[in-house]
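S.K.: Before we start, here is the structure in question, set down as structure tokens.
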Protein chains: 2
Amino acid sequence: MSEDAGSVVTAVERLYAGEPADAPGGAGGERFFLDDLTVGQRFVSATREISKARIMSFASEFDPQPFHLNEDLAQASFFKGLAASGWHTAALTMRLLVDGGLPLAGGLIGAGLEMEWPRPTRPGDMLHVESEIVAISPSKSRPDRGIVTARGETRNHRNEVVQIMTVKLVVMRKS
Amino acid sequence: MSEDAGSVVTAVERLYAGEPADAPGGAGGERFFLDDLTVGQRFVSATREISKARIMSFASEFDPQPFHLNEDLAQASFFKGLAASGWHTAALTMRLLVDGGLPLAGGLIGAGLEMEWPRPTRPGDMLHVESEIVAISPSKSRPDRGIVTARGETRNHRNEVVQIMTVKLVVMRKS
């Protein structure tokens, strides 16, 4: 087993022992159980760049539409310039959340979500996510967990919102 | 310009000329404008496999949580076995839709969506998408387009639903 896998084992062992776990690859700060969260609580992620090369390679695998693949074609399209696939913006948002942007003790396990993309993500955009806890519902049937609703805005370096996601997450209680 | 980009140019030129366009990489069948669609209309995509190697590499870039990265750790987790990131299932669903699974003449441009993952996607699952048109709303302010609501179920080879997505799409009218 590699060193990397070893550190993941350690994180998971602590997680299932009910102790705060470091995010794999994350900053390793405090991690929150259901009981630690309050409605209105806010979290801000680190920042990551979305590059033109990755926009095109992601799109060529998952969303091969002209406006994600070719600048000239994108210029003439609905998007009026090269735009990342919304799924690329969503996936990068997830990475920012996993890396400490939404530091939940049991990891980020989504049960369902709503999402919109109010404007395109462009090559070279520096993205971060601002999240707010909007609801907390302990489970009636499973006393060890609950559902937390979080609203996350993914913003570019001009502070424009490129994605709004409201997600229901399975969150463990302290036990 | 590569041959590949050339074929994309051709597709977009036809698209903006108002003629049916082949999906890049797709089967090249009929493409539907707003006026061609009816509520209740159904489409079925091709099938693609989601491999264990790609589940792990996708997760290591976008969703580096133990249950997406390591089989032993996944076995002990919420998912009770290695599971694809929901964002990987979503991205592969998009590829199936772009490749002819939801053949809209202007391409697939999402304005917003709801999504849930009722069960995990597993290594080796063969996925396809079954879509149904559930609403059609011509735009009042933009006579050249409208919003189509489609509900897509992503199913594995056991015909179990792994993702349900209801998406609002910008669809052009014939003109």
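S.K.: Which distance in Å, rounded to a whole number, links the C-alpha centroids of segment A:142-175 and segment B:133-166?
M.R.: 24
S.K.: Quick one: if the Förster radius is 22 Å, what FRET efficiency do B:Glu116 and B:Arg42 give, using the C-beta to C-beta distance and rounding to 0.05?
M.R.: That gives a FRET efficiency of 0.65.
S.K.: Right, here's the next one. Which of the trypsin sites (Lys or Arg not before Pro) found in segment B:89-175 are loop residues per DSSP with 13 or fewer other Cβ atoms within 10 Å of their Cβ?
M.R.: Numbers: sites: B:Arg95, B:Lys140, B:Arg145, B:Arg151, B:Arg155, B:Arg158, B:Lys168, B:Arg173, B:Lys174; in loops: B:Lys140, B:Arg158, B:Arg173, B:Lys174.
In loop regions of segment B:89-175 (DSSP not H, G, I, E or B), the sparsely surrounded trypsin sites (Lys or Arg not before Pro) are B:Lys140, B:Arg158, B:Lys174.
S.K.: I'd like the interface area for chains A and B: accessible area of each alone minus the complex, both sides summed, 1.4 Å probe, protein heavy atoms only. What is it in Å² to the nearest 100?
M.R.: The contact between B and A buries close to 4000 Å².
S.K.: Compute accessible area for segment B:64-107 by itself and then with all protein chains, 1.4 Å probe, and report residues whose area falls by 40 Å² or more.
M.R.: Correct list: B:Pro64, B:Gln65, B:Pro66, B:Leu73, B:Phe78, B:Trp87, B:Ala91, B:Met94, B:Arg95, B:Val98.
S.K.: Would you tell me the mean number of C-beta atoms belonging to other protein chains that fall within 10 Å of each C-beta in B:116-129, as a whole number?
M.R.: For peptide B:116-129, the averaged partner shielding equals 1.
S.K.: Measuring nothing but label to label, 7 Å from Cα along Cα→Cβ, what are A:Val134's distances to the other copies in nm, shortest first?
M.R.: 1.8
S.K.: What FRET efficiency, computed as 1/(1 + (r/R0)^6) with R0 = 22 Å and r the Cβ-Cβ distance, is obtained for A:Glu30 and B:Ser57, rounded to the nearest 0.05? Please list the in-between numbers first.
M.R.: Working: r = 30 Å, r/R0 = 1.35.
It comes out at approximately 0.15.
S.K.: Distance in nm between label sites at A:Met126 and B:Met126, each 7 Å beyond Cα in the beta-carbon direction?
M.R.: Once both label points are built, they end up 4.8 nm from each other.
S.K.: OK, next. For labels at B:Lys140 and A:Asp144 in the simple 7 Å Cα→Cβ model, what's the distance in nm?
M.R.: Between B:Lys140 and A:Asp144, the simple spin-label model gives 5.2 nm.
S.K.: Are there GluC sites (Glu not before Pro) in segment A:87-133 that DSSP puts in a loop and that have at most 16 other Cβ atoms within 10 Å, and which ones?
M.R.: Here no GluC sites (Glu not before Pro) fit, given the DSSP loop and packing criteria.
S.K.: Under the definition of Cα pairs under 8 Å and six or more residues apart, what whole-number percent is the relative contact order of segment B:49-96?
M.R.: Computed over segment B:49-96, the figure is 30 percent.
S.K.: Classify segment B:115-175 as rounded, prolate or oblate, taking a ≥ b ≥ c as the square roots of the eigenvalues of its Cα gyration tensor: rounded when a/c is under 1.5, otherwise prolate if a/b is larger than b/c and oblate if not. Intermediate values should be presented prior to the final figure.
M.R.: On the way: a/c = 4.00, a/b = 3.10, b/c = 1.29.
Here segment B:115-175 falls in the prolate category.
S.K.: Under a point spin-label approximation (7 Å from Cα along Cα-to-Cβ), what is the A:Ser175-A:Asp72 distance to one decimal in nm?
M.R.: Here the modelled spin labels are 6.1 nm apart.
S.K.: Ok, one more. What accessible area per residue, rounded to a whole number of Å², is obtained for segment A:88-167 using a probe radius of 1.4 Å? Could the numbers behind the result be given before it?
M.R.: On the way: 2850 Å² over 80 residues.
Heavy-atom SASA per residue in segment A:88-167 reads 36 Å².
S.K.: Please give the peptides B:101-109, B:43-51 ranked by average Cβ packing (other Cβ atoms within 10 Å per residue), highest first, as a rough proxy for protection.
M.R.: B:101-109, B:43-51
The values are calculated or read from the model by the stated rules, or taken from the named source; none is laboratory data. As the structure is a prediction and not an experimental result, all values here were calculated from the model. All Cβ positions, glycine included, derive from the backbone under ideal geometry; neighbour counts span all protein chains shown. Keep in mind that these areas ignore ligands, DNA and RNA; they rest on the heavy atoms of the full protein, side chains included. Shrake-Rupley method; radii C 1.70, N 1.55, O 1.52, S 1.80 Å.
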